[in-house]
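The values are calculated or read from the model by the stated rules, or taken from the named source; none is laboratory data. This one's a predicted model, so the numbers in the text were calculated from it and none came from an experiment. Counting neighbours? That spans all protein chains shown, and the Cβs are built from the backbone with ideal geometry, glycine included. When the accessible area is computed, the model is the full protein with side chains, heavy atoms only, and any ligands, DNA or RNA have been set aside. Shrake-Rupley method; radii C 1.70, N 1.55, O 1.52, S 1.80 Å.
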Amino acid sequence: MNLTLRQLKIFEAVARLLSYTRAAEELHLTQPAVSMQVKQLEAGVGLPLFEQLGKRIYLTEAGREMERYAHRILHTLEEAEQVFDELRGLERGRLHITVASTANYFVPQLLAAFCQRHPGVQVSLDVTNREGLLAALEDNVTDLVIMGKPPREMDLVAETFMDNPLVAIAAPSHPLAGERDIPLERLQQETFLIREKGSGTRSATERFFVEHGLSLSSTMEMSSSESIKQGVEAGLGLGLLSLHTLEMELALKRLVILDVRELPILRKWYIMYRAGKRLSAVATAFKQFVSNESASILDLPTL
Ligand code: PGA
């Protein structure tokens, strides 16, 4: 197969943006130059990589395979660049981290503190669900992952660095809001706004109720902590979320934490990478920074 790195980079941009025009803009090229490179790549592979339906373009099956390999090849190239950055010193390295959506409530603060200390470091942050996190680890396209529970099915080096308490929340006007020492069974009668399948918060909540021999009879599924908070505030039901997502709503008294006897659910945050991966100097420094300093940098609301 005859292809060039330039073609792969251009293909990656078109596949990510699903637009020749936007890829051309991002790469500071003309649109005909971009489609020409993609055509040459398709000729090299002997298969179409994109198909056009109406005004939109889509990846073909071959295109999706090519996208996977392009990510791996370009990431390996990045790794090589990191090695040379490392030889030039920590101050000019790159850091790619991937985090679960709930971790996005505190990771930018950690990155800001880290970048203040190492101003030359170039950071990229991906926020995704559990499936995305597993794929990023599997395809070796990220340096470090931050999530709630390391997947059992993968050989990882995982270190816990902070508590992640999950608490029940309600609108301040909810009848349970002022009650003390509420038994967990009482919550069964309530509607719960729960996260989508694949969310760590969701699976921890489900496990917790099963362990207590209980089940939630009425639930409404929402795909982000933000929509759950809005829904709870509007009186749609109760929620069970990480305390890390609630700082602003608690401070503004838009939501209250319910005093439930068996809560909070005690979880932890982990920072991890694939066993055997060669961590760059920057990634090693960031991992140490997170382990040693997150508690002092992050201001968790008190329970
Ligand atoms: P989330 O939480 O997937 O519910 O955002 C992260 C985790 O607990 O792993």
Heavy-atom accessible area per residue of the chain, all protein chains kept, 1.4 Å probe, expressed in Å², is 52 Å²
Are there any helices in the chain, counted as whole DSSP H runs, that stretch 20 Å or more along their axis by Cα and score at least 0.0 on average by Kyte-Doolittle, and if so which? 31-45, 281-297
Additional length obtainable on full extension of the chain from residue 177 to residue 252, 0.36 nm per residue less Cα span: 25.5 nm
Rg to Rh for the range 5-65: what is it, with Cα atoms only and Rh by Kirkwood? 0.92
Express in % the proportion of alpha carbon pairs of the chain at distances exceeding 24 Å. 61 percent
If I compute solvent accessible area with a 1.4 Å probe over the protein chains, what percent of it on the range 6-45 is carbon and sulfur? 56 percent
Highest mean first, how do 250-258, 93-101, 51-59 rank when packing is the count of other Cβ atoms within 10 Å averaged over residues? 93-101, 250-258, 51-59
Based on DSSP H runs of at least 4 residues, each adding -39500 (n - 2.57), what is the mean residue ellipticity at 222 nm of the chain after dividing by all its residues, to the nearest 500 deg cm²/dmol? -13000 deg cm²/dmol
Could you calculate the FRET efficiency of residue 153 with residue 77 from 1/(1 + (r/R0)^6), where r is the beta carbon distance between them and R0 is 22 Å, rounded to 0.05? 0.20
Inter-centroid distance (Cα atoms) of the range 37-60 relative to the range 115-182, Å: 36 Å
Förster radius 25 Å - calculated FRET efficiency between residue 29 and residue 288 (Cβ-Cβ, nearest 0.05): 0.05
Report the extension gain between residue 127 and residue 109 in nm, rounded to one decimal, defined as 0.36 nm multiplied by the number of residues separating them, less their alpha carbon distance. 5.0 nm
Placing each pseudo-label 7 Å from Cα in the direction of the beta carbon, residue 17 and residue 186 end up separated by a distance in nanometres of 5.5 nm
Accessible-area composition of the range 166-257, carbon plus sulfur, in percent [1.4 Å probe]: 51 percent
Rounded FRET efficiency, nearest 0.05, which uses the C-beta distance separating residue 91 from residue 220 and R0 of 35 Å: 0.10
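For the range 166-257, compute the orientation-averaged projected area of the C-alpha convex hull (one quarter of its surface), in nm².
In nm², the orientation-averaged hull projection of the range 166-257 is 5.5.
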